[in-house]
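Here's the structure we're looking at; comments come further down.
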Amino acid sequence: MKTSLVVLIAVVIIFAGALIFAGKNSSINQVSSENSSEPKENLKSVVARIGGSHLVASVANTDRSRSQGFSNVKSISPNEGKMFTFDKEDYYTFHMKDMNFSLDFIFVNDQGNVVDIVKNVNPDFKGLIKPAYPASTVFEVSAGWADQNNIKVGQTVSSVNMQ
């Protein structure tokens, strides 16, 4: 019964993620600004499992998409995020330039373990967000998501479904 419930929840999350990212004018799928002469970049998305929770995240794996992040996005859904991927572990820093909402940052190492969590960073924060330990993947999620989903350092992160 418990397994069936978990499978059902996972299917609902995957379906919801597909609907979110299939939207015509989704702000996170349109990374470049309308004034840019460069073509718009469509990001892949992944359903990631962090600890026991699922998150639908667009993948930022280029300098351009990583620089954009959620800048100029008005809001995101409760289980929506962005997954920043890098070729190697390092102390990657993040900023809150042009942000409209607060974020939690979840830093993950090459082994797929959460190594640091920076919570409730306000959009007006002017400094840099930096992990305590090197990471190769970083998730940006709505502020409070890490606490609401009981995310802790040491938990495992895995990909459930690439879209």
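Overview of values
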| read-out | value |
| --- | --- |
| Test: residue in segment 66-74 that is modelled with pLDDT of 95 or more, open to solvent by 60 Å² or more (accessible area, probe 1.4 Å), closer than 22 Å to ILE129 by Cβ and in contact with a strand residue (DSSP E or B) (Cβ under 9 Å, 6 or more places away or on another chain) | no |
| Residue within segment 47-65 that is in a helix (DSSP H, G or I), open to solvent by 30 Å² or more (accessible area, probe 1.4 Å) and modelled with pLDDT under 95 present | yes |
| Flag if GLU80 is among the charged types (D, E, K, R), touching a Ser or Thr at 6+ places or on another chain (Cβ under 9 Å) and in contact (Cβ under 8 Å) with a residue 60 or more places away in the chain | yes |
| Within segment 95-129, considering residues that are surrounded by 14 or more Cβ atoms within 10 Å (Cβ to Cβ) and of a type in the set (D, E, K, R), the one nearest to VAL46 (Cα to Cα) | ASP104 |
| Count of residues meeting criterion [in contact (Cβ under 8 Å) with a residue 60 or more places away in the chain, among the hydrophobic types (A, V, I, L, M, F, W, C) and closer than 20 Å to SER77 by Cβ] in segment 95-140 | 1 |
| Wholly within segment 84-163, strands (runs of 3 or more DSSP E) carrying at least 1 residues that are touching a strand residue (DSSP E or B) at 6+ places or on another chain (Cβ under 8 Å) and modelled with pLDDT under 95 | 157-162 |
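The values are calculated or read from the model by the stated rules, or taken from the named source; none is laboratory data. As the structure is a computational prediction, the values presented were derived from the model and not from experiment. A quick note on method: Cβ atoms are made from the backbone with ideal geometry, for glycine too, and the neighbour counts reach across all protein chains shown. These area figures cover heavy atoms from the full protein model, side chains too; ligands, DNA and RNA do not enter into them. Shrake-Rupley method; radii C 1.70, N 1.55, O 1.52, S 1.80 Å.
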